[in-house]
1. As an exercise: evaluate W33 against (1) assigned to a loop (DSSP other than H, G, I, E, B); (2) surrounded by 14 or more Cβ atoms within 10 Å (Cβ to Cβ) and give the number of the one condition it does not meet.
2. Answer yes or no: is there a residue in the range 69-90 that is under 22 Å from L147 (Cα atoms) and part of a loop (DSSP other than H, G, I, E, B).
3. Considering only residues that are among the charged types (D, E, K, R) and under 16 Å from the mean Cα position of the chain (by Cα), look in the range 38-52 and name the one that is modelled with the lowest pLDDT.
4. So which residues in the range 164-209 are part of a helix (DSSP H, G or I) and more than 28 Å from the chain's Cα centre (by Cα)?
5. Give K102, K35, K66 a once-over and let me know the one that is assigned by TED's automatic domain parsing to the domain that holds F140, farther than 19 Å from V120 by Cβ and at pLDDT below 95.
6. Are any of the residues in the range 47-54 of a type in the set (F, W, Y), in contact (Cβ under 8 Å) with a residue 12 or more places away in the chain and assigned to a loop (DSSP other than H, G, I, E, B)?
7. Do any residues in the range 167-178 that are farther than 10 Å from K359 by Cβ have Cβ atoms under 8 Å from those of residues that are not in a helix (DSSP H, G or I), where the two are at least six apart or on different chains, and which pairs are they?
8. Among the candidates A266, A180, which residue alone is among the small types (G, A, S), outside the structural domain of P296 (by TED's automatic domain parsing) and farther than 14 Å from L307 by Cβ?
Amino acid sequence: MEIKTLGELCNIVSGGTPSRSKAEFWNEGTIPWIKIGNIKGKYVNEADEYITQAGLDGSSAKLLSKGTVLYTIFATLGEVGVLGIDACTNQAIAGLTIKHEKQLNTDYLYYYLKSKKKFVNSVGRGVAQNNINMSILRSFELPLPELSKQKDIVEILDKVTAIIEARKQELQKLDDLIKAQFVELFGDPRCNPYGFRKKQLKDTCKVVTGNTPSRSVEKYYGDYIEWIKTDNIVSGLLNPTKASEKLSEEGMKVGRTVGKDSILMACIAGSVTSIGRVCVTDRTVAFNQQINAVVPVNYNILFLYVLLQLSKEYLVGEINMALKGILSKAKLEEKEFIVPPMELQEQFADFVKQVDKTKVALQRSLEKVQMLFDSLMQNFFDKCE
């Protein structure tokens, strides 16, 4: 099979940011200006900021045509999208336009770049500020079968992707069902239309901040107990995912641990969207200082889990992301929440348990399909690594 570099196959350019100090570059702008946060799926169809023609002409930003493949090269590496509109981008995104459409299919290029995410992050971590330069991107080698074969590969990957998205939508519907049942029984927890008593979290729960045992003491790390980090707290999953690191028995003695049926909440993160994510422990775990554990005293654990999910805006409302985003233990303990009768909490928890049985089955199905997708991607694209 023929192998070519991206530089041979594509024209590759990076974007730019017009000066924020020049109002004429931004005011009443009509040209979409894409940032990493706008790449949320395969197709990028909208921006939340727009620049003017003067801003485009007076900066390194470039107008890219619909169908251009976008690839993130700074900070958050390896995100891929296809422009559904004409737009420009900031300097954290490269735009790839195919030189000869009879040689390379756009969707094939999209999937190829998605397959490189783990690789590009391993390369980027060795560079200051986690980035890859344009010369590295242009040197990526792409297996290049006949165009008809490329289309066959795309068709297979599209079908598996559709199944993955369908499973995710089904899981989201179940999450929405749980939240709807909560609102029916308890109302909006901030408005409190049913007049339930309110208490500060410190009066109903014990809050514990995690820690990191000294890295210089090798004996603290081993294979005795999972050490949970914020990436183990996944939106939509009731329980934490399996930790990639574990502490030794000695490490556990200097670490912080909680048992089953405690809440783990992400309280330090690079973005406000990550702060406030919660999960329920189904085993004893240790956890790092980016997490606060909330151990309930006067709450049913499943009621508290959904209550905190629905209170995320309230939890993060005062956080200044210009500084390091932190929801401290002290601030968390001062937050007030409704405390309905335990009988009503337990009624709701029974409903959650029934729905979660369906969620667990769907999640397992999703994981199997995701494994199939990953295997296919490896088979199609890893020939060059």
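1. Among (1) assigned to a loop (DSSP other than H, G, I, E, B); (2) surrounded by 14 or more Cβ atoms within 10 Å (Cβ to Cβ), the lone unmet condition for W33 is (1).
2. No: the range 69-90 contains no residue that is under 22 Å from L147 (Cα atoms) and part of a loop (DSSP other than H, G, I, E, B).
3. Our first condition is that a residue be among the charged types (D, E, K, R); within the range 38-52, this holds for 40, 42, 46, 48-49.
Checking the rest, the ones that are also under 16 Å from the mean Cα position of the chain (by Cα) come to 40, 42.
Working: K40: 88, K42: 93.
Among them, the one singled out is K40.
4. First pass over the range 164-209, keeping only residues part of a helix (DSSP H, G or I): 164-186, 201-203.
Listed by number, the residues that qualify are E184, L185, F186, K202, D203.
5. Working: K35 fails: farther than 19 Å from V120 by Cβ; K66 fails: at pLDDT below 95.
Only one candidate qualifies: K102.
6. Of all residues in the range 47-54, those of a type in the set (F, W, Y) come to 50.
Then keep just the ones that are in contact (Cβ under 8 Å) with a residue 12 or more places away in the chain; that gives 50.
Okay, now just the ones that are also assigned to a loop (DSSP other than H, G, I, E, B), so none.
Taking every residue of the range 47-54 in turn, none turns out to be of a type in the set (F, W, Y), in contact (Cβ under 8 Å) with a residue 12 or more places away in the chain and assigned to a loop (DSSP other than H, G, I, E, B).
7. Q172/G236
8. Numbers: A266 fails: outside the structural domain of P296 (by TED's automatic domain parsing).
Every option except A180 fails the conditions.
The values are calculated or read from the model by the stated rules, or taken from the named source; none is laboratory data. Only a predicted model underlies this, so the values are computations on that prediction, with no experimental measurement involved. Please note: Cβ atoms are built from the backbone with ideal geometry, for glycine as well, and neighbour counts cover all protein chains shown.
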